[in-house]
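Presented below is the structure to which this report refers.
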Amino acid sequence: MAHSIAIASDHAAFAMKAELASWLRAEGHEVLDLGPASDARVDYPDYGYALAEAVADGRAACGIALCGSGIGISIAVNRHPRLRCALVSEPLSATLAREHNDANAIALGARLIGIEQAKACIAAFLSTDFAGGRHAGRVDKLTHPIFGPRLEKEPA
């Protein structure tokens with residue numbers, strides 16, 4: 001099943017982004033490459049925010065965010081209230097991010113995993129549906145958070 005995918009990175013993950021974008025296109029997916037256009041130093045939040053906006057406004061169904069560790073860009077993407085970006089490093093985490101958390105983006109660390117592992121994570125992510133059920137209420141709390149005490153008090 002073909003997907004519309006936004007992809008973005010920082011300079012540390014530029015080469016991986018380029019290879020993944022090419023691979024995704026060869027697999028039949030529509031790819032919105034949000035940059036950068038070279039490996040010149042850039043700030044990952046700018047690209048994480050751009051990816052979040054592209055998914056939130058419907059230009060892409062999901063997103064793939066890359067930086068050296070995957071941590072910084074995942075934090076940037078998750079600043080958008082409509083995004084649920086999971087940092088993954090192996091296919092099981094990518095599967096569970098979709099199945100249990102209805103993640104609409106994943107982040108990968110280019111300095112931490114190789115290209116084949118990245119492809120395996122993306123393939124798992126794209127081939128998994130949200131399970132709903134008991135997970136739906138939890139995901140709703142992520143989408144519409146209410147801050148303050150929510151835990152039941154322990155009996156005295």
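Rule-based calculations on the coordinates, nothing more; no lab input. Because the structure is predicted, anything quoted here is derived from the model rather than measured. Backbone-built Cβ (ideal geometry, glycine too); neighbour counts: all protein chains shown.
Here is how the numbers come out for the structure above:
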| quantity | calculated |
| --- | --- |
| Qualifying residue in segment 35-50 (condition: within 20 Å of ASP129 (Cβ to Cβ) and either out of contact with any Ser or Thr (no Cβ under 6 Å at 6 or more places or on another chain) or among the β-branched types (Val, Ile, Thr) (or both)) | no |
| Sole exception among (1) closer than 16 Å to ILE5 by Cα; (2) β-branched (Val, Ile, Thr); (3) in contact with a strand residue (DSSP E or B) (Cβ under 8 Å, 6 or more places away or on another chain) for THR128, by number | (3) |
| Residue list for segment 10-35, restricted to those being over 16 Å from CYS121 (Cα atoms), in contact with a Phe, Trp or Tyr (Cβ under 9 Å, 6 or more places away or on another chain) and of a type outside the set (D, E, K, R) | HIS11, ALA12, LEU34, GLY35 |
| Residues located in segment 14-37, provided they are in contact with a Lys or Arg (Cβ under 8 Å, 6 or more places away or on another chain) and not aliphatic (A, V, I, L, M) | TRP23, ASP33 |
| Close pairs (7 angstrom Cβ cut-off, 6 or more residues apart or separate chains): farther than 18 Å from LYS141 by Cα in segment 57-84, surrounded by fewer than 20 Cβ atoms within 10 Å (Cβ to Cβ) and among the aromatic types (Phe, Trp, Tyr) anywhere | ALA76/TYR49 |
